[in-house]
1. Does Gly71 count as without any contact (Cβ under 8 Å) to a residue 24 or more places away in the chain, in contact with a helix residue (DSSP H, G or I) (Cβ under 9 Å, 6 or more places away or on another chain), buried (at least 17 other Cβ atoms within 10 Å of the Cβ) and assigned to a helix (DSSP H, G or I)?
2. Checking the condition within 25 Å of Glu7 (Cβ to Cβ) and of a type in the set (Asp, Glu), which residue from Asp185, Asp147, Asp195 passes?
3. Can you name the strands (runs of 3 or more DSSP E) wholly within segment 110-188 that have at least 3 residues being over 19 Å from the mean Cα position of the chain (by Cα)?
4. In segment 81-109, how many residues are assigned to a helix (DSSP H, G or I) and of a type outside the set (S, T, N, Q)?
5. Which of the following residues is more than 31 Å from the chain's Cα centre (by Cα), assigned by TED's automatic domain parsing to the domain that holds Cys227, part of a helix (DSSP H, G or I) and without any contact (Cβ under 8 Å) to a residue 60 or more places away in the chain: Gln256, Gln271?
6. Taking the stated definitions as given, is Arg299 touching a helix residue (DSSP H, G or I) at 6+ places or on another chain (Cβ under 8 Å), touching a residue at least 12 places away in the same chain (Cβ under 8 Å) and either more than 24 Å from Ser170 (Cα to Cα) or assigned to a loop (DSSP other than H, G, I, E, B) (or both)?
7. Which residues, counting only those in segment 222-247, are out of contact with any helix residue (DSSP H, G or I) (no Cβ under 9 Å at 6 or more places or on another chain), buried (at least 16 other Cβ atoms within 10 Å of the Cβ) and over 10 Å from Thr301 (Cα atoms)?
8. Looking for something basic (Lys, Arg) and at pLDDT below 95 - is there at least one such residue anywhere in segment 177-189?
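The values are calculated or read from the model by the stated rules, or taken from the named source; none is laboratory data. This one's a predicted model, so the numbers in the text were calculated from it and none came from an experiment. As a convention, Cβ positions derive from the backbone with ideal geometry for all residues, glycine included, and neighbour counts pool all protein chains shown.
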Amino acid sequence: MSAYPTEAAACQAGQKQLAHAIRHDLAQRGVEFSHLQCLHVVAARYGLDSWNVLQARPLAPQLHPSAAAAGIMRALLKRGLTADAELGEQLAALPVPLTYTVLDESLTDYAAKAQVALSLLLVGDLTDAAVRQLLEDVFEAQCLRTDFSARPSPNSVFVWAYASEAQFRSDAGHWAGMVMRSADDWRTGRPATYDVKSALIRAVQTPAEERFGLSEPRRRQLYLDHCRATNRARVTADQAYPIDAQDSLNSVRANQAHKHAELERWEARLQVAFGVTAEQLHEIVVEGMTKYWPMSTIRDTHVASLETSSLA
């Protein structure tokens, strides 16, 4: 079963969770707000006037807490609460609870193996501890499933959690955390294995900056186009010089030479299209790899920035 929610729907789910957290925080102070009123306060963290406006722009970036505090105070005053600066600052800094939506679910239902494989899209403030706790909760919930015909419960569970839908779709192993317990683990009594990628979590939280005269979205596009150009070079090399098992050494040499020449040609075009040098292009590719920017699959060879320009 595939759900594939949009990133917008996932963000809205997180924003609703934040409204619950704000309502709870206000209640602790003796202030009773309705859920809708708290949704309006959430919108103020994005610099927007109301929840309806935020619903129309769910991917809007949150303001820095210092900038959001003033908007939150105005939202509270508009709804009859006399707010001080300290309350506005505290609500602006309140972390977004980590939750998730299901990107993909796959079930295997045999007597020897009843397996659940889940891919999740994380929504909220990422920390190593929060990701680990969420994985533990999801794993325990999946172990209690009873919707299998061959076994009373699953004996194989795999869960991958992603920081963005684009990282999931790139199929490059760019998950923020995962938990697995195979049928063999169950049989031998081995516990579940957990893994949280601290480097990826830090990378996705790194503030965007301009480099080489290019904004981060522009550099991400260059990195994605370079991935696609690499894929295209591989595909064209395999078509022009397929690997021959009877003459493997020569066919591999011809294949690699063709791929290298094709990639050099595409890189030259990318340099012109984005206005960068060869050295700057290399640094952006390394940046994309170290920051876990979404990649393209081997089937994706459409180089958007070039094929929609006069360079095509």
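1. Working: without any contact (Cβ under 8 Å) to a residue 24 or more places away in the chain: no; in contact with a helix residue (DSSP H, G or I) (Cβ under 9 Å, 6 or more places away or on another chain): yes; buried (at least 17 other Cβ atoms within 10 Å of the Cβ): yes; assigned to a helix (DSSP H, G or I): yes.
No: the conditions fail for Gly71.
2. Details: Asp185 fails: within 25 Å of Glu7 (Cβ to Cβ); Asp147 fails: within 25 Å of Glu7 (Cβ to Cβ).
Being within 25 Å of Glu7 (Cβ to Cβ) and of a type in the set (Asp, Glu) holds for just one of Asp185, Asp147, Asp195, which is Asp195.
3. Working: elements: 114-123, 156-162, 177-181.
The qualifying strands (runs of 3 or more DSSP E) are 114-123.
4. 8
5. Values: Gln271 fails: more than 31 Å from the chain's Cα centre (by Cα).
Only one candidate qualifies: Gln256.
6. On the way: touching a helix residue (DSSP H, G or I) at 6+ places or on another chain (Cβ under 8 Å): yes; touching a residue at least 12 places away in the same chain (Cβ under 8 Å): yes; either more than 24 Å from Ser170 (Cα to Cα) or assigned to a loop (DSSP other than H, G, I, E, B) (or both): yes.
Answer is yes for this residue.
7. none
8. Step one: filter segment 177-189 for residues basic (Lys, Arg), giving 181, 187.
Restricting the remaining residues to those that are at pLDDT below 95 gives 187.
Yes, some residue in segment 177-189 is basic (Lys, Arg) and at pLDDT below 95.
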